[in-house]
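*Asks:* Supplied in structure tokens, the structure appears directly below.
No value in this document is a laboratory result; all are computed from the given coordinates. All values reported here derive from a predicted model rather than from experimental measurement. Backbone-built Cβ (ideal geometry, glycine too); neighbour counts: all protein chains shown.
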Amino acid sequence: MQNPPRKVLLNPGPSTTTNSVKWAQVMPDICPREKEFSVLLCGICSDILRIVHAPERDFACVLFSGSGTLNIDTCLNSLLDTGKKVLILRNGVFSARAQEICSYYGLPHVVVDAPWDAVPDTRCIEQALQADSSIGLVYCTHHETGTGLLNPVRRIGELAHRYSAISVVDTTSSFALLPIDVVADHIDFCMSSSQKGLAGPCGLSFIIGRRSIIEQSAAYPKRSYYCNLFRQYDFFRNSGEMHFTPPVQTAYATAQALAEFFAEGERPKLARIQRIMAALRRGADGLGLRVLVPPEAQAGLVLCVRYPDDPR
Ligand SMILES: *Cc1c(COP(=O)(O)O)cnc(C)c1O
């Protein structure tokens with residue numbers, strides 16, 4: 001069979017995929033309760049943990065079928081004990097979504113608003129933590145994909161830990177693109193999906209989190225049946241299977257995408273992205289387009305330009 005034609009997508013995800021990733025989806029049918037499939041999933045989890053330098057002793061990777069928003073939903077609904085509040089740094093469309101999820105579940109939360117186009121002043125976060133000792137979870141987005149803004153997650157994680165809260169970071173669009181080290185970055189939970197920086201097909205999402213906190217959360221209120229972190233973690237730990245039907249073909253192709261990530265390497269991949277971004281910036285400059293986020297606040301993954309008010 002022929003390779004499908006190569007397309008260029010100008011959206012920040014789903015990403016384009018290599019032919020080898022596309023073809024990896026074409027596999028003999030398999031019952032996902034087979035041992036062979038369990039071995040595949042366990043390998044995927046180990047590889048995902050390696051990408052964020054998470055020691056397997058302390059961190060687990062929990063897989064779900066679904067897109068990235070499922071991870072945000074799951075972390076928020078599963079990791080808050082009774083009497084505790086979420087603090088959300090809201091400075092982009094994805095952290096605004098996290099706030100909406102809190103409202104849907106009726107989770108007590110505090111919002112720290114910050115401009116969508118500047119490095120946030122983390123003193124506002126510290127003040128909110130000082131003002132309310134019931135904050136148990138600090139939430140932010142690493143790379144706000146709508147604007148290309150980068151948040152100082154290490155500093156935010158440090159603050160969360162200093163005030164005895166856990167740090168949850170939406171790394172959906174930075175995972176496997178920007179180097180992340182969960183221990184050094186004070187991240188207790190982060191997340192992504194197969195179709196973003198890994199450049200796999202759509203449909204497999206994953207949360208990377210501290211085992212001790214997941215295990216503690218077994219006693220927290222259960223607010224969702226399908227999207228509960230402890231239940232999914234516990235089922236996989238005991239059986240090596242995802243609780244509900246996994247995206248089988250996507251799993252095979254994700255394993256291939258992970259192999260291609262390690263073959264290229266974290267630093268060379270970043271260097272490649274930086275070269276592409278430099279070309280985009282030159283192009284935007286050449287056309288006289290104005291970039292929204294100032295260079296010091298950009299993640300260097302998405303270039304967001306102001307819509308020109310030139311009638312042409
Ligand atoms: C893509 C993305 C998500 C998830 O969006 P879905 O449409 O559910 O895949 C979440 N957070 C960020 C930062 C993203 O870029």
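*Asks:* On a straight-distance basis, which aspartates and glutamates could pair with K35 in a cross-link, Cα separation under 20 angstrom, same-chain partners fewer than 8 positions away excluded?
*Replies:* In chain and number order, the partners are D47, D234, E241.
*Asks:* Still on this structure: Remind me, relative contact order of the chain in percent, using alpha carbon pairs under 8 angstrom and six or more residues apart?
*Replies:* With pairs under 8 Å counted, the relative contact order is 25 percent.
*Asks:* Helix-only estimate, please: 222 nm mean residue ellipticity of the chain, summing -39500 (n - 2.57) across DSSP H runs of length 4 or more and dividing by its residues, to the nearest 500.
*Replies:* One gets -12000 deg cm²/dmol as the mean residue ellipticity at 222 nm.
*Asks:* Convert 25 °C to kelvin, take the viscosity as 0.890 mPa s, use the Kirkwood radius over C-alpha pairs of region 1-127 as Rh, and evaluate the Stokes-Einstein diffusion coefficient in µm²/s, rounded to a whole number.
*Replies:* Diffusion coefficient, whole number: 131 µm²/s.
*Asks:* I need the per residue convex hull volume for region 217-275, using only the alpha carbons, in cubic angstrom as a whole number.
*Replies:* Dividing the Cα hull volume of region 217-275 by its residues yields 149 Å³.
*Asks:* Let me ask you something else. State which helices in the chain qualify, where a helix is a whole DSSP H run, it must extend 20 Å or more along its own axis by its Cα atoms, and its mean Kyte-Doolittle hydropathy must be at least 0.0.
*Replies:* Long hydrophobic helices here: 35-51, 248-264.
*Asks:* Could you tell me the largest-minus-smallest coordinate of the C-alpha atoms of region 31-260 on each of the three principal axes, in descending order and whole angstroms?
*Replies:* 52, 36, 30
*Asks:* Say R0 is 41 Å: what FRET efficiency, to the nearest 0.05, do D113 and F262 get from their beta-carbon distance?
*Replies:* Efficiency, from the Cβ-Cβ distance: 0.55.
*Asks:* Excluding same-chain residues fewer than 8 positions from K84, which lysines have a Cα within less than 24 Å of its Cα?
*Replies:* List returned: K222.
*Asks:* Let me ask something else. A279 to Y226: extension gain in nm, 0.36 nm per residue of separation minus the Cα-Cα distance?
*Replies:* 14.8 nm
*Asks:* Which Cys residues of the chain have no other Cys beta carbon under 4.7 Å away?
*Replies:* Here C31, C42, C75, C102, C124, C140, C190, C202, C227, C304 come out as lacking a disulfide-compatible partner, given the Cβ-Cβ threshold of under 4.7 Å.
*Asks:* Let me ask another. Most exposed first by the Cβ proxy, i.e. fewest other Cβ within 10 Å, how do Y307, Y233, Y220, Y104 rank?
*Replies:* Lowest to highest Cβ neighbour count: Y307, Y104, Y220, Y233.
*Asks:* What share of Cα pairs, in percent, lie more than 12 angstrom apart in region 170-213?
*Replies:* Of all Cα-Cα distances in region 170-213, 60 percent exceed 12 Å.
*Asks:* Right, another one. Just how far, in whole angstrom, is region 65-107 from region 178-198 if you go by their alpha carbon centroids?
*Replies:* Cα centres, region 178-198 to region 65-107: 17 Å.
*Asks:* Still on this structure, please answer the following. Can you list the residues, at least 5 places off or on another chain, whose amide H is less than 5 Å from the amide H of I135, using H built in the peptide plane?
*Replies:* It is K85, by chain and number.
*Asks:* Residues of region 221-242 with amide nitrogen under 18 Å from the 7 Å Cα-to-Cβ point of T82?
*Replies:* Taking a point 7 Å out along Cα→Cβ of T82, the residues of region 221-242 whose backbone N falls under 18 Å are 221-224.
*Asks:* Work out, step by step, the length gained on full extension between L9 and E100: first 0.36 nm times the residue separation, then minus their alpha carbon distance; give nm to one decimal.
*Replies:* 29.9 nm
*Asks:* To continue, here is another question. Taking only the alpha-carbon atoms of region 184-312, what semi-axes of the equivalent ellipsoid follow from 5 times the gyration tensor eigenvalues under a square root, in whole Å, largest first?
*Replies:* Semi-axes, largest first: 38, 19, 16 Å.
*Asks:* Then there's this: Hey, what do the phi angles of region 194-211 turn into as Karplus ³J(HN,Hα) couplings, whole Hz, using 6.51/-1.76/1.60 and θ = phi - 60°, x for Gly and Pro?
*Replies:* In residue order, the calculated couplings are 4, 8, 9, x, 6, 6, x, x, 6, x, 10, 10, 8, 10, 9, x, 5, 4 Hz.
*Asks:* Most exposed first by the Cβ proxy, i.e. fewest other Cβ within 10 Å, how do T171, T82 rank?
*Replies:* T82, T171
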